[in-house]
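Participant: My structure is below; once you've seen it, I'll send some questions.
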Amino acid sequence: MFNQRTKIKELLQKGQAGETVTVMGWVRTFRNNQFIALNDGSTNQNIQVVASLGDFSDDLLRRLTTGASLKITGELVVSVGKGQSIEIKAATIEVLGDSDAEKYPLQPKKHSLEFLREIAHLRFRTNTFGSVFRIRHALAFAVHRFFNERGFVYLHTPIITASDAEGAGETFRVTTLPMDGTAKRTEAGAIDYSEDFFGKSTNLTVSGQLEGELGAMAFGEIYTFGPTFRAENSNTARHLAEFWMIEPEMAFHDLEDNMNLAEAFIRYLIGYVMEHHADDLVFLDQRLAEEEKQKPQQERAEMGLLEKLRFVMDHPFERITYTEAIQILLDSPAYKKKKFKYDVAWGIDMQSEHERYLVEKHFKRPVIVTNYPAKIKAFYMRQDDGCEPGRETVAAMDILAPGIGEIVGGSQREERLSKLENRMHTMHIPAEEMSWYLDTRRYGTVPHAGFGLGFERMVQFVTGMTNIRDVIAFARTPRSCEF
Ligand code: 4AD
Ligand code: MG
């Protein structure tokens, strides 16, 4: 058998002097023609391997370059050097794959995140990305554990759909029609999608919610966790064209139940990572502190990463209505001193500068904003009763997080058929094509609610990474689709 190896993480935790072990991994550094720092991705800690002088040929030693992959067998011994308690005294060293030291792009020094984005196929081999992607994995695992513990059914909703769930029109089209202008046209001159693969116009999904609602109307509680796609032309540090979203949907839940679940969920995810990946968090905490030092004083975050995560674990989120949020902004020194680029008035879709003010300056903690104007929210949100004319609101909730902005978007859903139909009519959403969705309101409708957590934004929050491109393996953003 080839793979009789011990992972370095396990070795550093449980290894006893005197044991003979086999490790495999990649060379981080090779010093003094004797000391190999080997890493296998299980932890940022390297195992030090000593190739005693005279034990190995010069030919072999020349091949121990940064990036080369090795299989090493040897005895664990107590280390006399600084920085590690045990090390391996190598008996055999096998080079599995050479790495040309002249050409290998990852040198044993600090590289900028921008540079590493260009070599995203190799950046997993750095400490920063090692920590980020182990934590991303842990978060994904914790998502399933959280819902499984609560009896939710994991529903796989389709990736190709014929609807635009959010009604924002920012979809990627899916077609097999020829692109050279020869596609058949209707009498009116439009492309005839009845000739297309699915016999209609289709796109990549922007959200699994509508199908999720169908599941909730049978299982009570479901969640989705899958890729979603948005052709928004936003080149920011928090938008991707392809991102992962978790969307729970619950029957017999109102807006407050929805907020309680979302808050418990976020705290559970953070708690899981703190418990299982403390070493990676400590590393990222220090990394962020270094990054913050480069910024001017007034732009620095008030809390370090670990401090922030502990704070969120211990303090409830602030809950305010949209109307209250607008009032806070209007009363703010920032507004009075004309510091906002975008105007503030009841009815606006808050810009990120407004959200950041509320979260980072005013409340200094995550904030849940509820009851947004109907005009700026999706058709499926439950219409609030008893609104003043011109001030119609819906039972929406967005969770805003420090340094991130919107991390969760959700709502109680409109379960009353006629109200939903009226809203769809005003918003020009064709009810005939959505009759499958409306059936849930025709046959045993119930009050229900759900939300979507942007997975990458959650990974950003937990790892402290400023740019969303650094928390997904291979980012898809406007004008960029490498690897
Ligand atoms: O607020 P959004 O658009 O809500 C929905 O899609 C609902 N159907 C969710 C639901 O109620 N089931 O998106 C939800 C979350 C946002 O709060 C944000 O965290 C993330 O998805 N998100 C993005 N993340 C990365 N890149 C983008 N372009 C994103 N757009 C939304
Ligand atoms: Mg939203």
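The values are calculated or read from the model by the stated rules, or taken from the named source; none is laboratory data. Note that this is a predicted model, so its numbers are computed, not measured. Quick reminder, even Gly has a Cβ in these numbers, built from the backbone with ideal geometry, and neighbours come from all protein chains shown. We work out accessible area using only protein heavy atoms, side chains counted, and drop any ligands, DNA or RNA first. Shrake-Rupley method; radii C 1.70, N 1.55, O 1.52, S 1.80 Å.
Participant: Give me the Kirkwood hydrodynamic radius of segment 200-262 in Å, from all C-alpha pairs, to one decimal place?
Facilitator: Result for segment 200-262, one decimal place: 13.3 Å.
Participant: Straight-line reach from Lys293: which aspartates and glutamates have Cα under 15 Å away, leaving out those fewer than 8 places along the same chain?
Facilitator: Asp285, Glu302
Participant: Here's a follow-up. I'd like to know which of Leu139, Ala190, Gln16 lies farthest towards the positive end of the charge dipole of the chain, counting +1 on Cβ of Lys and Arg and -1 on Cβ of Asp and Glu.
Facilitator: Gln16
Participant: If you look for lysine pairs in segment 67-171 that are eight or more places apart or on different chains, how many of them have Cα atoms under 23 Å apart?
Facilitator: On the way: Lys71/Lys89; Lys71/Lys103; Lys82/Lys109; Lys82/Lys110.
Taking the Cα cut-off of 23 Å, the pair count is 4.
Participant: Follow-up. Just tell me which aspartates and glutamates come within less than 17 Å, Cα to Cα, of Lys375; anything on the same chain fewer than 8 places away is out.
Facilitator: Partners within reach: Glu166, Asp349, Asp384, Asp385, Glu388, Glu392, Asp398, Glu414, Glu421.
Participant: For a label point 7 angstrom out from the Cα of Glu290 toward its Cβ, which stretches of segment 449-463 have the backbone nitrogen within less than 18 Å?
Facilitator: 463
Participant: Determine, from the Cβ-Cβ distance of Met427 and Thr323 and an R0 of 35 Å, the FRET efficiency 1/(1 + (r/R0)^6), rounded to the nearest 0.05.
Facilitator: Details: r = 22 Å, r/R0 = 0.64.
Step by step, r from the Cβ atoms, then E = 0.95.
Participant: Quick one: which of Lys339/Lys377; Lys308/Lys337; Lys336/Lys361 span more than 18 angstrom between C-alpha atoms?
Facilitator: Lys339/Lys377; Lys308/Lys337
Participant: Okay, next question. Quote the FRET efficiency, to the nearest 0.05, computed for Leu417 versus Arg391 with a Förster distance R0 of 30 Å and r equal to the Cβ-Cβ distance.
Facilitator: Numbers: r = 24 Å, r/R0 = 0.81.
Once the sixth-power term is evaluated, E becomes 0.75.
Participant: So how far apart, in nm, are the two label points at Thr65 and Lys109 if each is 7 Å from Cα heading toward Cβ?
Facilitator: Placing both labels 7 Å along Cα→Cβ, they lie 1.7 nm apart.
Participant: Sort the following peptides by mean Cβ neighbour count (other Cβ atoms within 10 Å, averaged over residues), highest first: 26-35, 192-201, 268-277, 396-405.
Facilitator: By packing density, highest mean first, the sequence is 396-405, 268-277, 26-35, 192-201.
Participant: Still on this structure: Give me the angle, in degrees from 0 to 90, between the Cα long axis of helix 127-149 and the longest principal axis of the Cα atoms of the chain, rounded to the nearest 10.
Facilitator: The angle comes out at about 50 degrees.
Participant: If you project the alpha carbons of segment 23-137 onto the principal axes, what extent comes out on each, in Å, largest first?
Facilitator: In descending order, the Cα extents are 42, 30, 22 Å.
Participant: Also, I was wondering about something else. To the nearest Å, what is the center-to-center distance of segment 367-394 and segment 170-196, using C-alpha atoms only?
Facilitator: 37
Participant: Net charge near Asn39, counting Lys/Arg +1 and Asp/Glu -1 over other residues with Cβ under 13 Å of its Cβ? Don't skip to the end; give the middle numbers.
Facilitator: Working: positive: Lys7, Lys9, Arg28, Arg125, Arg134; negative: Asp40.
Cβ neighbours under 13 Å give a net charge of +4.
Participant: Next up: Just for segment 269-428, what percent of DSSP beta bridges are antiparallel, to the closest 5?
Facilitator: Working: 13 of 17 bridges.
Approximately 75 percent, going by the DSSP bridge assignments.
Participant: Further question on the same structure: Can you bin segment 131-170 into rounded, prolate or oblate? Criterion: square roots of the alpha carbon gyration tensor eigenvalues sorted a ≥ b ≥ c, rounded for a/c under 1.5, prolate for a/b above b/c, oblate for the rest.
Facilitator: On the way: a/c = 3.17, a/b = 1.59, b/c = 1.99.
Oblate shape, in that a/c is at least 1.5 and b/c is the bigger or equal ratio.
Participant: Given the convex hull of the Cα atoms of segment 238-317, what is a quarter of its surface area in nm²?
Facilitator: Here the figure is 7.7 nm², rounded to one decimal.
Participant: Working from Cα positions, state the angle (0 to 90°, nearest 10) between the long axis of helix 255-276 and the longest principal axis of the chain.
Facilitator: 0
Participant: Hey, another quick one. Translational diffusion coefficient, Stokes-Einstein: compute it for segment 22-63 using the Kirkwood radius over C-alpha pairs as Rh, at 37 °C and 0.692 mPa s, and state it as an integer in µm² s⁻¹. Provide the component values of the computation, followed by the final result.
Facilitator: On the way: Rh = 10.9 Å.
Answer from the Stokes-Einstein relation: 302 µm²/s.
Participant: For helix 417-426, report the angle its Cα long axis makes with the longest principal axis of the Cα atoms of the chain; keep it between 0 and 90° and round to the nearest 10°.
Facilitator: 90
Participant: Relative to the compact-globule scaling 2.2 N^0.38 Å, provide the ratio for the alpha-carbon radius of gyration of the chain.
Facilitator: Output field value: 1.16.
Participant: Could you sort Cys387, Cys481 by their accessible area in this structure, using a 1.4 Å probe and putting the largest first? Spell out each step's value before the answer.
Facilitator: On the way: Cys387 45, Cys481 90 Å².
Output order, biggest surface exposure first: Cys481, Cys387.
Participant: May I pose another question? Normalise the Cα radius of gyration of segment 339-463 by 2.2 N^0.38 Å (N = residues in it) and let me know the number.
Facilitator: Dividing the Cα Rg of segment 339-463 by 2.2 N^0.38 Å gives 1.20.
Participant: If you don't mind, there's one more thing I want to ask. In debye, nearest 20: dipole of segment 1-82 around its Cα centre with unit charges on the Cβ of K, R (+) and D, E (-)?
Facilitator: Details: 10 positive and 7 negative charges, 61 e Å.
It works out to roughly 300 debye.
Participant: At Glu102 and Arg310, where each label point lies 7 Å from the Cα along Cα→Cβ, what is the point-to-point distance in nanometres?
Facilitator: Inter-label distance under the simple model: 5.1 nm.
Participant: Given labels modelled 7 Å from the Cα in the Cβ direction, how far is it in nm from Ser85 to Ala264?
Facilitator: With each label point 7 Å from Cα toward Cβ, the separation is 3.9 nm.
Participant: Cα atoms only: what Rg and Dmax, in Å, come out for segment 282-374?
Facilitator: Looking at segment 282-374, its Cα Rg and Dmax stand at 15.3, 44 Å.
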